[in-house]
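The values are calculated or read from the model by the stated rules, or taken from the named source; none is laboratory data. Treat the numbers as computed from the prediction; the structure is a model and nothing was measured. Glycine gets a Cβ as well: all are built from the backbone with ideal geometry, and neighbour counts include every protein chain shown.
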Amino acid sequence: MWEAIWQYEFLRNAFVAGVLTGFTAPLLGVFIVVRRLSLIADALSHVTLAGIAAGLLLGKAAPAAASWNPLYIGMGFSVVGSLFIEKLRAVYRHYEELAIPIVLSSGLGLSVIFISMANGFTTDLFSYLFGSVSAVSRADVWTAFAVAAAAAIVILTFYKELFLLSFDEEYARVSGVRTTWIHF
């Protein structure tokens, strides 16, 4: 079995991407679950789908944008969605848990709008939504490596602040941690 993994590039890419994901997910997941934000992954996946649909629509409408990878546009939408969740959580301090479903439904609504505006795509949108680990390219592996490295660096740099903020935000604020900056 190991010979096949090292012999075929698509298996090697899938293995490395799986290892990188297995390294990154628990690093981030600990802080997400402790802060009771576990639904954020679902919300951001819907926002990412809206970004991918917008990227495909943009590529269909403007031929110059056809060479852009819709996954990167989806990642940008996801970052904006996460910042919007934190902004809503700050505005509605007594109802922080409502921010995630608002962004989730907005992302799904934008996805439906962009898909219906396109009158059908030539690519399979479900392949972007669900993916296939055997279809991971070398560029995807490098992207996963960059994300894993960035996550590890941020967590190692701000571990104390993230730890304090996750368990007791008021104590973190009193201790001098700039909680508004760490939230983002």
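Report, by residue number, each residue of segment 114-167 that is outside any helix (DSSP H, G or I) and either in contact (Cβ under 8 Å) with a residue 60 or more places away in the chain or closer than 30 Å to A62 by Cα (or both).
N119, G120, F121, T122, T123, D124, G131, S132, V136, S137
Return the only residue of A90, A66, A61 being under 24 Å from L28 (Cβ atoms), over 16 Å from the mean Cα position of the chain (by Cα) and surrounded by fewer than 17 Cβ atoms within 10 Å (Cβ to Cβ).
It is A90.
Quick one: L83 ticks every box in (1) surrounded by 14 or more Cβ atoms within 10 Å (Cβ to Cβ); (2) modelled with pLDDT of 90 or more except a single one, so which number is it?
Only one criterion is unmet by L83, namely (1).
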